Amino acid sequence: MTISGPQPGTGATQRGLAGGGRSSTNLGDILERVLDKGLVIAGDIQVNLLDIELLTIKLRLVIASLDTAREVGINWWETDPWLNADAGRQAVRSKRGDGDGRELEDGVQELKDELGRLRGRIRELESGQ
Amino acid sequence: MSERYLPGGRPPGPPEEGIWSYAITESDRVSAANGAPDLSWLIGVGGAQVRAITCSGLAVLVSDVSLAEFGETALREHLEDLEWLDEVARLHHNVVETAGRLFPLLPVRLATVYSGAAALCAALADHHDELLDALRRVGGRVEWGVKAYAAAEQAEATGGPAAGKPGSGLAYLQRRRDQLAAGREARAAAVSGARAVHAGLAGKAAAAVVRPPQSAQLSKVRLPMLLNAAYLLDASDGTSFTAAVAAEATAHPELRIELTGPWPPYSFAGGDDDGR
């Protein structure tokens, strides 16, 4: 069900109603579901693993897009509570949810700083090993 | 609760084993008395057979994993390895999806590992009511994924029809400025188009979730992603929903729209989703 723009080739794997389990399924589609969503019942083996370590992966998934999105002002899913409050909580983890603009600004700045630190760490990991 | 391994699968290895969980369903769904489906042909992460552990009226689909590879320390390392993660995520998803075709279930988040059946049952007992609630809410429903990209980005990136022609510096700058202005307008139109598409589709769904856009590295599409959403629907509404997506795509030529699914209801299984 791709209604394609003028970019050849990229729609092939998504054309038609691709079943979620096909090997052609986009890894991002799978990861954002199995990592970011899905029922959370803490296992007793890896306490807090999901809260801490997976943050690096999550950032890796969205990092490029978030930067681009902010540049062109399309980060609307973060701040539009009518569209989705939950999306806002995820994208801006530091947002306290009281709707105060100043605090949101602070939260965004905090997140940016954190992104910078984590992105540096990803680079280290990628180049180091 | 057998400990069988497939030929060629991971041998039972040193004592350290854990239980990897995939999904939760009502125990009736997997009880032999009700003609339960045979799950033994389902292979999970690490190559082990999937089985069900039943307690408190609920059943969890699990498989045994070696803690040398799937224990806390190993997971911390492996989860940073995209290739490893790719394989494990697909195996996990395959079990959830296949079982999800057989009976209603709640997908469990990746890397939820227990030391044994006792620990698993204790966790189930703690969340019993919440789980039954969620099963009633999303069990048997499916989610459809819709992504919208700005279709116009490509024209701008390649410089438009006049690109490459020689000319004065001033003419070039003017042309470039016009191109950039046109690009901004096209993007603004695409952004409002994406909002409209989401509003239209959310109105047809039982619940909707919007996620941050994916990185191009994983989406394999270089166009800017403007919408990355999931919609919860009754399985029987697939035809009308996909038609609605097609209609939105026709109505919004400024967007390139992709539809995936039906997926197990991953995005709606968690307790903190308020369903729109």
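Any read-out appearing in this document is the output of simple, stated calculations on the displayed coordinates, not a laboratory observation. What you are looking at is a predicted structure, and each value in this text was computed from that prediction instead of being measured. Note that each Cβ is placed from the backbone with ideal geometry, even for glycine, and that neighbours are counted across all protein chains shown.
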Under the Karplus curve 6.51 cos²θ - 1.76 cosθ + 1.60, θ = phi - 60°, whole-Hz ³J(HN,Hα) for region B:83-97, x wherever Gly or Pro sits: 5, 4, 4, 4, 5, 5, 5, 5, 5, 4, 4, 4, 5, 4, 5
Relative contact order (percent, whole number), region B:162-269, Cα cutoff 8 Å, 6+ residue spacing: 27
Residue-averaged beta-carbon neighbours from other chains (10 angstrom radius) around B:249-259: 4
Sorted by Cβ neighbour density within 10 Å, fewest at the top, the residues B:I257, A:I122: A:I122, B:I257
Placed amide H near B:C55: partners under 5 Å, 5+ positions off or other chain: B:V60
